[in-house]
Amino acid sequence: QVQLVASGGGLVQPGGSLRLSCAASGSIFSFYIMGWYRQAPGKQREWVARITTDGSTNYADSVKGRFTISRDNAKNTVYLQMNSLKPEDTAVYSCKAGLGSSASWGQGTQVTVSS
């Protein structure tokens, strides 16, 4: 099973940018579909973005055009570049490796968008 460590969160003003990283270890990273999810206070966790093993990407409508997911298999890391951030993007962001009941989750990193 893969272990995941997310980092890169912080406080940013509306319109600003952040890049989140999720470093993987313990298994063959390139074999996994990787995803980012987020959970805002009082809300259910929602899917944000996904990247497949061949680099194909998908995004939630709420972040499409503003966020970019990428992966570096040599570094066992998946990234989430977040631009044009809005207050409603405030949440704990978590990364996920794999699908279904066998998926692995990393700990979250807090992103706060506020002036």
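The values are calculated or read from the model by the stated rules, or taken from the named source; none is laboratory data. This one's a predicted model, so the numbers in the text were calculated from it and none came from an experiment. Neighbour counts run over all protein chains shown; Cβ positions are idealised from the backbone, glycine included. The accessibility values were calculated without ligands, DNA or RNA, using every heavy atom of the protein model including side chains. Shrake-Rupley method; radii C 1.70, N 1.55, O 1.52, S 1.80 Å.
Which residue out of 6, 24 is at pLDDT below 95 and either assigned to a helix (DSSP H, G or I) or under 13 Å from residue 94 (Cα atoms) (or both)? Just one listed residue meets the conditions, 24. Checked against the criterion of being acidic (Asp, Glu) and closer than 17 Å to residue 110 by Cα, the range 36-54 has at least one qualifying residue. Checked against (1) part of a loop (DSSP other than H, G, I, E, B); (2) within 11 Å of the chain's Cα centre (by Cα), residue 65 meets all criteria but (2). Against the criterion of being open to solvent by 30 Å² or more (accessible area, probe 1.4 Å), of a type in the set (D, E, K, R) and at pLDDT 95 or above, residue 45 qualifies.
Each row is one residue, and each column tells you yes or no for (1) more than 18 Å from residue 97 (Cβ to Cβ); (2) in contact (Cβ under 8 Å) with a residue 60 or more places away in the chain.
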site: 14; (1), (2): yes, yes
site: 24; (1), (2): no, yes
site: 32; (1), (2): no, yes
site: 43; (1), (2): yes, no
site: 52; (1), (2): no, no
site: 64; (1), (2): yes, no
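Considering 61, 89, the condition of being touching a Ser or Thr at 6+ places or on another chain (Cβ under 9 Å) and of a type in the set (D, E, K, R) is satisfied by 89 alone. Scanning the range 97-114 for residues that are open to solvent by less than 60 Å² (accessible area, probe 1.4 Å), within 18 Å of residue 69 (Cβ to Cβ) and not small (Gly, Ala, Ser) turns up 109, 111.
The set of residues from the range 27-47 being of a type in the set (Lys, Arg) and either part of a strand (DSSP E or B) or within 10 Å of the chain's Cα centre (by Cα) (or both) comprises just one member, 38.
Restricting attention to the range 68-81, the residues that are open to solvent by less than 60 Å² (accessible area, probe 1.4 Å) and either part of a loop (DSSP other than H, G, I, E, B) or without any contact (Cβ under 8 Å) to a residue 12 or more places away in the chain (or both) add up to 2. The residue that is least open to solvent (accessible area, probe 1.4 Å), counting only those in the range 9-21 that are farther than 12 Å from residue 109 by Cα and part of a loop (DSSP other than H, G, I, E, B), is 16.
Looking for something β-branched (Val, Ile, Thr), surrounded by fewer than 21 Cβ atoms within 10 Å (Cβ to Cβ) and at pLDDT 95 or above - is there at least one such residue anywhere in the range 57-67?
yes
Just one of the numbered conditions (1) outside any loop (DSSP other than H, G, I, E, B); (2) at pLDDT 95 or above; (3) more than 12 Å from residue 49 (Cβ to Cβ) is not true of residue 85: (1).
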